[in-house]
Amino acid sequence: MKILVVGATGNLGRQIVRKALDEGHTVRCMVRNREKAQYLEQWGAQLFAGDLREVDSFPPMLNDIEVVVLAASALANRNTKDKTNSIANVDDAGTRLFIDAIKAAGNLHVIYASMLNSDQFPKDKMMGIKCGIENYLKASGLPYTILRLAGFLQGVISEFALPILEKKPIRVARTPSPIAYISTLDAARYFVAAATRPQALNRTIGISGPAAWSPQEVISLCDELAKVNQVPKVSILTEGQKKFNELLAKMLDPNLIDLLRFSEVFATGIPYEANMEEAEALLGIPTDSLEGLDPFMREYFVVMKRSLRKKNYQEPKVRSSF
Ligand SMILES: NC(=O)c1ccc[n+]([C@@H]2O[C@H](COP(=O)([O-])OP(=O)(O)OC[C@H]3O[C@@H](n4cnc5c(N)ncnc54)[C@H](OP(=O)(O)O)[C@@H]3O)[C@@H](O)[C@H]2O)c1
């Protein structure tokens, strides 16, 4: 298959590129910065300079392509010099224009990276965009596969593991949603399978890891593995703190507000866990082959401790609660 990956330098996108190349597909990547994306070229992918805000860049990369993977997002963009790289311009308007360009290029199969529960939060900007793009894609008449993903395992490192190691405070929601985190490597397997399996055509499929975890369970696991001499400082995020964070975001980076508000969709108690029997039946990936949070975190802390030991870090003998 000839596959174009949009968002190829992202956490998920680069794993899709790697997996697709490993399986013998021809892979083309839309990249914004060729220099930063050189490693994709070294792996064997073709690079096409482009940006979802630049319609003129679309047609050349779509020429002769069979499958398009849409895995870009500006939600994590922290380049404050480029404030127009917002979810409104990229995830929404740019993606719609790109779908129009795909349609003009032919009857290409589009695989879209959406989010679990995307249809349950119409008032949230990010979820509203995801749901809107799903509907736009379905209405386009193009063959499609929508993969609704749970949160990525890799995000647990910055959210929980690092603050625990660095003895920094962790704020959790009053009614947090349990999440069945999936590794980006495993998520990529579903995208590449979807590219070749007719069963995946015109389907919306939920994808998650093997088991859902509450923040408290994740914190307990990280605490057990980190072995720092301090009990994790966990507190409930208050309305006052939320308002203060939004005020601060407004001053520093308006795009940060979308990210802050988006975090509210994980503060409702609604679980983020897919029906993996359906995913297994349609995409042929055994659920018991997926990496769970426990082995992923154990491996992470082994590597982390090894590198800390090289820097002469001593494991503590006594624990303090301060
Ligand atoms: N992260 C999660 O837990 C999660 C969960 C469910 C679903 N998803 C979805 O999965 C997809 C991938 O997420 P991710 O976490 O891998 O994202 P990510 O690491 O933040 O990567 C975003 C990608 O989008 C590209 N991008 C940003 N602005 C762009 C623009 N104007 N034009 C073209 N490309 C642009 C980035 O390119 P540069 O390198 O040039 O910035 C990068 O390749 C997204 O659609 C996201 O909504 C993510």
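Data overview
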read-out	value
Leading residue by the ranking (nearest to the ligand (Cβ to nearest atom)) among those in the stretch 65-87 that are in contact with a Gly (Cβ under 9 Å, 6 or more places away or on another chain) and outside any loop (DSSP other than H, G, I, E, B)	Leu70
Meets criteria (over 30 Å from Arg261 (Cα atoms) and more than 7 Å from the ligand (Cβ to nearest atom)) for Ala37	yes
Subset tally (residues that are out of contact with any helix residue (DSSP H, G or I) (no Cβ under 9 Å at 6 or more places or on another chain) and not in a loop (DSSP other than H, G, I, E, B)) for the stretch 34-45	3
Strands (runs of 3 or more DSSP E) completely within the stretch 108-180 that count 3 or more residues being within 16 Å of the ligand (Cβ to nearest atom) and at pLDDT 95 or above	109-115, 144-149
Filtered residue count, the stretch 130-183, keeping only those that are free of Cβ contacts under 8 Å to residues at least 24 places away in the same chain and not charged (D, E, K, R)	5
Yes/no for Ile102 being within 10 Å of the ligand (Cβ to nearest atom), in a helix (DSSP H, G or I) and of a type in the set (A, V, I, L, M, F, W, C)	no
Members of the stretch 185-242 found to be in a loop (DSSP other than H, G, I, E, B) and within 30 Å of Ala20 (Cα to Cα), listed by number	Arg197, Leu201, Asn202, Ser208, Gly209, Pro210, Ala211, Ala212
Any hit, the stretch 54-64, residues being assigned to a loop (DSSP other than H, G, I, E, B) and either under 30 Å from Trp213 (Cα atoms) or away from the ligand (no atom under 14 Å from the Cβ) (or both)	yes
Single residue of the stretch 1-33 satisfying the filter (assigned to a strand (DSSP E or B) and among the β-branched types (Val, Ile, Thr)) that is farthest from the ligand (Cβ to nearest atom)	Thr26
Output for the stretch 142-171, where each listed residue is among the basic types (Lys, Arg) and more than 30 Å from His109 (Cβ to Cβ)	Lys167, Lys168, Arg171
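The values are calculated or read from the model by the stated rules, or taken from the named source; none is laboratory data. Because the structure is a prediction, the values reported are computed rather than measured. For neighbour counting, all protein chains shown are included, and Cβ atoms are generated from backbone atoms with ideal geometry for every residue, glycine included.
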